[in-house]
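A.B. asks: This is the structure I have questions about; it appears just below.
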Amino acid sequence: MVRLIDVQSADVDWDDSGRLVFEGVPFTGEAVTYNWLDEVRSLVTYVDGIREGAQREWYDGEELRSELTVHNGRVVGPAREWHPNGRPAREQWFDERGLPAAESRWDEDGRREASEERGCRDRSGDSTFEG
């Protein structure tokens, strides 16, 4: 069973190395925050006090705002954000070291505003971006 804590009301702290500590020990489980309507605002998974796994944030009204995956405290793979209307706002790709590899942005109407690829491995790990 996954342990769940409310970061805003639980006995939580951060140690000198930036790890989430609950009841005096590095926390393993899911940490949640709520908005003023008592809806989930964010959900972050931790292992031994370090972000690990899925991380999600929501707008008020329960529309997904962002999602990403963390490994060893670093964002890896896709990190996505949405406008309040539910349309994509931004997508970034991070390599296995947590370095940004590519980014795309869209306006609220779904039109692409920008796209950039950086010099590191692509999503599949098969090629190198030239950009």
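What follows is calculated from the coordinates using simple rules that are stated; it is not laboratory data. Please read these numbers as outputs of a predicted model, since none were measured by experiment. Heads up, the Cβs are rebuilt from the backbone with ideal geometry, glycines too, and the neighbour counts pull from every protein chain shown.
A.B. asks: Within segment 1-24, which residues are without any contact (Cβ under 8 Å) to a residue 12 or more places away in the chain and outside any loop (DSSP other than H, G, I, E, B)?
C.D. replies: ASP13, TRP14
A.B. asks: Kindly provide the set of residues from segment 15-58 that are farther than 14 Å from VAL2 by Cβ and in contact with a Phe, Trp or Tyr (Cβ under 9 Å, 6 or more places away or on another chain), ordered by number.
C.D. replies: ARG19, LEU20, VAL21, PRO26, ASN35, GLU39, VAL40, ARG41, SER42, ASP48, GLY49
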